[in-house]
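What follows is a single structure, written as structure tokens, with notes after it.
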């Protein structure tokens with residue numbers, strides 16, 4: 001079974017309030033990462049119609065500060081699937097509504113989620129049908145990103161042995 005990529009499309013919008021900001025009056029990076037993980041999980045659940053767990057976050061590229069009083073908008077969509085895994089792209093934009101500036105891309109991230117059954121075992125997910133050429137490109141280039149993640153995970157497993165003792169050794 002396959003599903004259109006657009007079926008997983010999820011949007012989350014929030015005002016940036018004082019408790020969300022650091023001493024520079026910009027959105028905490030950790031708060032943004034929480035939003036990213038949340039909206040990506042919803043997109044993964046929409047696609048798989050199952051429980052999901054975050055398997056990896058490739059990176060979060062912060063491109064533009066999100067300031068106190070801005071509106072932050074996150075868009076998420078499943079962009080590639082494996083057997084039980086789903087790659088989700090999260091695009092983060094900011095709006096400064098009072099002065100009428102246009103929306104700016106503030107950050108983006110790729111995450112991987114795994115679909116789970118009620119016992120916590122991984123289960124198969126539907127494949128993807130791209131809605132247009134841009135989305136087709138995301139799906140087609142997804143395997144390259146997945147291979148990069150596999151290599152990184154292998155390095156992390158090796159580092160696990162290194163870090164098994166205290167850093168000071």
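The values are calculated or read from the model by the stated rules, or taken from the named source; none is laboratory data. Since the model is a prediction, treat every value here as computed from it, not as a measurement. Reconstructed Cβ throughout: ideal geometry from the backbone, glycine too, with neighbour counts over all protein chains shown.
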Note to self: Need the failing condition index for residue 100 against (1) in a loop (DSSP other than H, G, I, E, B); (2) in contact (Cβ under 8 Å) with a residue 24 or more places away in the chain, just the number.
What the structure shows: (2)
Check: So residue 41 clears everything in (1) crowded, with 17+ Cβ neighbours inside 10 Å; (2) part of a loop (DSSP other than H, G, I, E, B) except one condition, right? Which one?
Finding: (2)
Next item on the list: Report, by residue number, each residue of segment 58-76 that is at pLDDT 95 or above, under 13 Å from the mean Cα position of the chain (by Cα) and over 13 Å from residue 105 (Cα atoms).
Entry: 76
Check: Of everything in segment 107-122 that's more than 13 Å from the chain's Cα centre (by Cα) and under 17 Å from residue 38 (Cα atoms), which residue is surrounded by the fewest Cβ atoms within 10 Å (Cβ to Cβ)?
Finding: 116
Notebook entry, point to check: Here are 6, 84, 14: which of them is buried (at least 17 other Cβ atoms within 10 Å of the Cβ), modelled with pLDDT of 95 or more and touching a strand residue (DSSP E or B) at 6+ places or on another chain (Cβ under 8 Å)?
Noted result: 84
Check: If you go through segment 152-167 one residue at a time, do you hit one that is touching a residue at least 40 places away in the same chain (Cβ under 8 Å) and within 15 Å of the chain's Cα centre (by Cα)?
Finding: no
Item checked: Matching entry among 49, 45, 31 (being on the phi > 0 side of the Ramachandran plot and within 18 Å of the chain's Cα centre (by Cα)) -> 49
Notebook entry, point to check: Which one of these is touching a helix residue (DSSP H, G or I) at 6+ places or on another chain (Cβ under 8 Å), modelled with pLDDT under 95 and either surrounded by 14 or more Cβ atoms within 10 Å (Cβ to Cβ) or over 22 Å from residue 156 (Cβ atoms) (or both): 97, 89, 135?
Noted result: 135
